[in-house]
């Protein structure tokens, strides 16, 4: 029995795409209506096709990651503006310059995680970031320095953004929908690591915490780098004292300061 999913008696769609390049140039073949629907950009970007685009954006990374044999990831969220300490500019704000140490910590952590990932031939605990600059770059950079692969999940933004140069090219994805991108961050996550960051980082952190709190996602090691910074930004205890969260919800995450502490916390996590 042939298990090849492409083995069927029908003509392959790629053959028909190639055939369109050999058509005679006539008013009929130039008309938008004549284009094959699935390669017609004008048609695929119509408002009515949103459900199809959502499905495609979910499927494409899923299929590629499956084909690469990637079973689990370690997700790293953090600020895009946090600089590499070696490249701090004179115009850098003092606040960001003070956070630059987290770039190094993220880089060291990703390198250590990737050393472990290589023991599984790069199938488990693959570093996954948003693919951009700052902490994201540090995560992909550490994985690259360890000789492993890493994932980057970029998104199209109003200001120009390109993947950082350390993302494994075949695992560099681009998204239109924030919601689908965030699903892919968590679908294979065996640990979630949060470094200091802005609105985007907090959005990703609180969505993941909400999913775990409500039982929509299994509990995984959830590590916040920099207790002093996070306790200054968010009054966690006040949330519990006000009763808007349960005191036990504060146990869904823990603070760490270094890559070594993060690794120890992951190893101590009850399975």
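The values are calculated or read from the model by the stated rules, or taken from the named source; none is laboratory data. These numbers come from a predicted model, not from an experiment. A quick note on method: Cβ atoms are made from the backbone with ideal geometry, for glycine too, and the neighbour counts reach across all protein chains shown.
Quick one: residue 80 ticks every box in (1) in contact (Cβ under 8 Å) with a residue 60 or more places away in the chain; (2) touching a strand residue (DSSP E or B) at 6+ places or on another chain (Cβ under 9 Å); (3) surrounded by fewer than 23 Cβ atoms within 10 Å (Cβ to Cβ) bar one, so which box is it?
Every listed condition holds for residue 80 apart from (2).
Show the residue pairs that are 6+ apart or on different chains and have beta-carbon atoms under 9 Å apart, the first residue being within region 1-25 and within 20 Å of residue 38 (Cα to Cα), the second being loosely packed, with under 10 Cβ neighbours inside 10 Å and modelled with pLDDT under 90.
Listed by first residue and then by second, the contacts come to 12/6.
If we scan region 80-88, do we find a residue that is closer than 24 Å to residue 183 by Cβ and either part of a loop (DSSP other than H, G, I, E, B) or touching a helix residue (DSSP H, G or I) at 6+ places or on another chain (Cβ under 6 Å) (or both)?
Among the residues of region 80-88, at least one is closer than 24 Å to residue 183 by Cβ and either part of a loop (DSSP other than H, G, I, E, B) or touching a helix residue (DSSP H, G or I) at 6+ places or on another chain (Cβ under 6 Å) (or both), which makes the answer yes.
Which residues, counting only those in region 220-244, are part of a loop (DSSP other than H, G, I, E, B), out of contact with any strand residue (DSSP E or B) (no Cβ under 6 Å at 6 or more places or on another chain) and buried (at least 16 other Cβ atoms within 10 Å of the Cβ)?
Of everything in region 220-244, just one residue is part of a loop (DSSP other than H, G, I, E, B), out of contact with any strand residue (DSSP E or B) (no Cβ under 6 Å at 6 or more places or on another chain) and buried (at least 16 other Cβ atoms within 10 Å of the Cβ), namely 226.
Any chance you could count how many residues in region 37-60 are assigned to a helix (DSSP H, G or I) and either touching a residue at least 60 places away in the same chain (Cβ under 8 Å) or surrounded by 11 or more Cβ atoms within 10 Å (Cβ to Cβ) (or both)?
So the count comes out to 15.
Does residue 192 satisfy the criteria of being closer than 20 Å to residue 151 by Cα and either touching a helix residue (DSSP H, G or I) at 6+ places or on another chain (Cβ under 6 Å) or free of Cβ contacts under 8 Å to residues at least 24 places away in the same chain (or both)?
In short, yes.
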